[in-house]
Amino acid sequence: MTGWYRLVAPLLARIDAETAHRMAINALRAGLVPADRGGDDPILATTAWGRPFPNPIGLAAGFDKNAEVPDAMLRSGFGFVEIGTVTPRPQIGNDRPRLFRLAEDHGVVNRMGFPGEGLEAVVRRLKARPRVGLVGVNVGANKDSADRAADYAACVAAAAPWADYLVCNVSSPNTPGLRDLQGRGDLLRLLTGARAARGQHDDVPLLVKIAPDLSEGDVEDVAGAAVEAGIDGMIVGNTTVSRPASLRSPRRTESGGLSGAPLLDLSTAVLKRAARAVQGRLKLVGCGGVATGADAYAKIRAGATLVQLYTALVFEGPGLVRTIKAELAALLKQDGFSSLSQAVGADL
Ligand SMILES: Cc1cc2nc3c(=O)[nH]c(=O)nc-3n(C[C@H](O)[C@H](O)[C@H](O)COP(=O)(O)O)c2cc1C
């Protein structure tokens, strides 16, 4: 935890988690969060889908659902930022409270249910921003949608001109039935439709984000569908509906998706399974429980080209990104790698 966040953290911890999150977004909008002016170690530079990433550490979806602060988050040192999940129409999401800190476990449970301003407002913001730095757009379906696949296609079509990559999120546990879209047949149809919806922007990489709760066979099915649909990447993964026995916080019984430290090992194991299944045919993004350079390094060695995090920021503040990058660069050098890409899949 860096200096100024050490002062702010105890105050934020006493405020309702969603209110604290809104305060963080407002502070970022007001330019109150310091930028990372250090520049990245060249060993962290990498390329995915023909795009150069200054470092592999990205902000996961859910922090900036409405594209209010992607540039402020890029300035804080992330190599890329994913906004969303964006749904076609605005929706309010589930009743509050719906976001809980599990402080003893360095975890969070959320059952937000895709609250958001909707596609039009988000696209308006994306159009207005400078195209500097890599911003991905994560899309989903409205809760009351009659045709979920059409929702994904509509979001992809509208966002593609303004996105550096697109993600179909079929793994949120907080929209009833959404995760059923991970079945092979449904997923193939959904991804084929989303791919076509990019229209003339068919060079924008398309990814799918999966749940860490898939069985081994399900991971193979999803990977098969993703490869068959001809998409470009997979994010492994979203929050888990499981509750490890090690959890100590009284909030562990809240329903919703668990993220943060208790998710690390599960999500890295599923990532490894996905890497074995896709055999290099898609690029993988490792997400779940990353809080240190060693955690990020484990994801890369398990097959991730890029890494994302969200929950660790809640406990450590934005200075964490700089620390993770420094630790990761040191680990790569210590093991004799001269570039990040050499370490991808080293444990497979
Ligand atoms: C409060 C909260 C909201 C989230 N909202 C979304 C979302 O809208 N779309 C999505 O794909 N993932 C969402 N996620 C999941 C994260 O992107 C990420 O996959 C998950 O939290 C695991 O990473 P972490 O342990 O680093 O947080 C959310 C996570 C949290 C904690």
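The values are calculated or read from the model by the stated rules, or taken from the named source; none is laboratory data. Treat the numbers as computed from the prediction; the structure is a model and nothing was measured. Positions of Cβ are generated from backbone atoms using ideal geometry, with glycine treated the same way; all protein chains shown enter the neighbour counts. Ligands, DNA and RNA are stripped out before the accessible areas are found, and what is left, the full protein with its side chains, is counted by its heavy atoms. Shrake-Rupley method; radii C 1.70, N 1.55, O 1.52, S 1.80 Å.
Treating r as the C-beta distance of Arg276 and Thr323 and R0 as 35 Å, the FRET efficiency rounds to 0.70.
Of the beta bridges in the stretch 1-145, as assigned by DSSP with both residues counted there, near 55 percent are antiparallel.
Surface listing: Glu216, Glu120, Glu68 arranged by accessible area from highest to lowest gives Glu120, Glu216, Glu68, probe 1.4 Å.
Taking all protein chains together and a probe of 1.4 Å, list Trp49, Trp4 from the most accessible to the least accessible.
Trp4, Trp49
Here the gap between Ser339 and Ser215, fully extended at 0.36 nm per residue and compared with their Cα-Cα distance, gives a gain of 41.4 nm. Accessible area per residue for the stretch 3-343 is 40 Å², calculated with a 1.4 Å probe on protein heavy atoms, without ligands, DNA or RNA. Backbone amide hydrogens, once placed in the peptide plane, bring Ala291 within less than 5 Å of Ala296, excluding anything fewer than 5 places away on its chain.
Take the alpha carbon gyration tensor of the chain, find the square roots of its eigenvalues, order them as a ≥ b ≥ c, and report rounded if a/c is under 1.5; if not, report prolate when a/b exceeds b/c, else oblate.
rounded
For the chain, the relative contact order comes to 18 percent (Cα pairs under 8 Å, sequence separation of at least 6). Here r is the Cβ-Cβ distance between Asp180 and Val227 and R0 is 22 Å; the resulting FRET efficiency, rounded to 0.05, is 0.60. Each residue of the stretch 13-22 is assigned a 3J(HN,Hα), and the resulting list reads 5, 8, 8, 3, 4, 6, 5, 4, 5, 4 Hz, derived from the Karplus form 6.51 cos²θ - 1.76 cosθ + 1.60 (θ = phi - 60°), x at Gly and Pro.
Between Ala146 and Ala27, the contour length at 0.36 nm per residue exceeds the alpha carbon distance by 39.1 nm.
Give me the lysines in straight-line cross-link reach of Lys333: C-alpha distance below 26 Å, same-chain residues under 8 apart excluded. Those lysines meeting the cut-off are Lys272, Lys283, Lys299, Lys325.
Taking label positions 7 Å along the Cα-Cβ direction at both Arg37 and Arg6, the computed distance is 2.1 nm, reported to one decimal.
Expressed to the nearest 5 percent, the antiparallel share of DSSP beta bridges inside the stretch 3-343 is 30 percent. Applying 1/(1 + (r/R0)^6) with r as the Cβ-Cβ distance of Ala346 and Asp95 and R0 = 45 angstrom yields a FRET efficiency of 0.50. Overall, the chain carries a charge dipole of about 540 debye about its Cα centre when +1 sits on the Cβ of Lys and Arg and -1 on the Cβ of Asp and Glu, all other atoms neutral. Placing dummy labels 7 Å off each Cα toward the beta-carbon, the span from Ala45 to Ile15 is 3.9 nm. From a point 7 Å beyond the Cα of Ser255 in the direction of its Cβ, which residues of the stretch 76-108 have a backbone N at a distance under 12 Å? Counting only backbone N, you get 95.
Each part reduced to its alpha carbon centroid, the stretch 216-279 and the stretch 26-92 end up 22 Å apart.
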